[in-house]
Amino acid sequence: MELQIRDVSKAYPNGVRALRDVTLTIPKGLYGLLGPNGAGKSTLMRVLATLQDPDSGSVTLDGIDVLNQKDEIRQTLGYLPQEFGVYPKVNAEDLLEHFAILKGIVGRGARKEVVEGLLRQTNLWDVRQQKLGGYSGGMRQRFGVAVALLGDPKLMIVDEPTAGLDPAERVRFLNLLSALGENSVVLLSTHIVEDVSELCTRMAIIDKGEILLEAAPPRAMEDLRGRIWSCEVSREVLADLERQHAVISTKLYAGRTIAHIYCEAKPGAGFEAAIPDLEDVYFSALAGRIGRRREFPELEERR
């Protein structure tokens, strides 16, 4: 099973080029699409979910033309957008049953079995009679997954799923997504680096509608070894440091400001070699230090 995206571009009437010749090959499992807000992630998700047409390009899922066979792809598509509404005065079991009917599960017995199975899978069975208006953010997200899973989709599109979740709900939700990736293509769109680092065996970084980097997270981090350096700096000298070196990120740690610098060799005294993490990969790609269409060799061989 494989989702193939080829040369997809999209521009809006105001002149914004949301997607620029996006080409990706996404196999079964969890695949992370990582980028800042406004990078083009949501536009690509809407294209893949058949909600928006691109200006050019093609998308196929196991031989199905996603752009021209919308009804067919919708039968095997699950989509969890960043924002979705619920009926606050309806309980989860009744609303999920309603969506099951809309999905074409008309047999009462089969529908009851599917609804119960999904509520148990998303850990909502014990609160199935609770009105959705009383659900927490994480519970609503899990209900959204239950809706998206109706019809046993082969393609799951999940847009910014953990934004606003508390740590416990985030862990529950990520564990659920991990289980889904065993049988489906799950495309996780996010600006949260940790989500991709913890879940995805493959990823792409997108910015300004363009794919900057495509790689396996562990390999991308290993490729940066020996090129990321850290130092503790005061705010007073940070501007000077940025003029002298390629500072890719700064963060507070225990009240201290730690700067990460990209350099092929040790920049000078006071710098220590840092073990690269996915955040270093992300910021290095956005800064143009690495990337520009680096890909999985094994995927390239299959094209």
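Since every read-out is calculated from the coordinates, none of them should be taken as a lab result. Only a predicted model underlies this, so the values are computations on that prediction, with no experimental measurement involved. Backbone-built Cβ (ideal geometry, glycine too); neighbour counts: all protein chains shown.
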Relative packing of peptides 235-246, 14-25 - highest average C-beta neighbours within 10 Å first: 14-25, 235-246
Gln130 paired with Arg256, simple spin-label distance in nm, labels 7 Å along Cα-to-beta-carbon: 4.3 nm
statement: With Arg108 itself left out, Lys, Arg at +1 and Asp, Glu at -1 over residues whose Cβ is under 15 Å from its Cβ give -2
field: Contour minus Cα-Cα distance for Phe99 and Ser56 (0.36 nm per residue)
entry: 12.2 nm
- prompt: Over the chain, what is the mean sequence separation of C-alpha contacts under 8 Å (at least six apart), divided by residue count, expressed as relative contact order in percent?
  reply: 21 percent
- prompt: Given N residues in region 61-171, what is Rg(Cα) / (2.2 N^0.38 Å)?
  reply: 1.09
Cα-based equivalent ellipsoid, region 226-274: semi-axes from gyration tensor eigenvalues, Å: 16, 12, 9
- request: Please give the calculated 222 nm ellipticity per residue for the chain, where each DSSP H segment of at least 4 residues contributes -39500 (n - 2.57) and the sum is spread over every residue; nearest 500 deg cm²/dmol?
  value: -9500 deg cm²/dmol
Charged-residue dipole, Cβ positions (Lys, Arg, Asp, Glu), region 226-274 about Cα centre, Debye nearest 20: 100 debye
- prompt: Normalised by the number of residues in region 226-274, what is the relative contact order in percent for Cα pairs under 8 Å and 6+ residues apart?
  reply: 53 percent
- request: Give the angle, between 0 and 90 degrees and rounded to the nearest 10, that separates the Cα long axis of helix 108-121 from the longest principal axis of the Cα atoms of the chain.
  value: 30 degrees
Reported label for calculated Rg and Dmax of the Cα atoms in Å given (i) 20.2, 72; (ii) 21.4, 72; (iii) 24.5, 78: (ii)
Pairs of lysines in region 1-133 (C-alpha under 23 Å apart; 8 or more residues apart or interchain): 12
task: State to the nearest 20 debye the size of the charge dipole of the chain about its Cα centre, where the only charges are +1 on K and R beta carbons and -1 on D and E beta carbons.
output: 460 debye
statement: Here the gain from full extension of Ala265 to Ser178, 0.36 nm per residue of separation minus their alpha-carbon distance, amounts to 27.5 nm
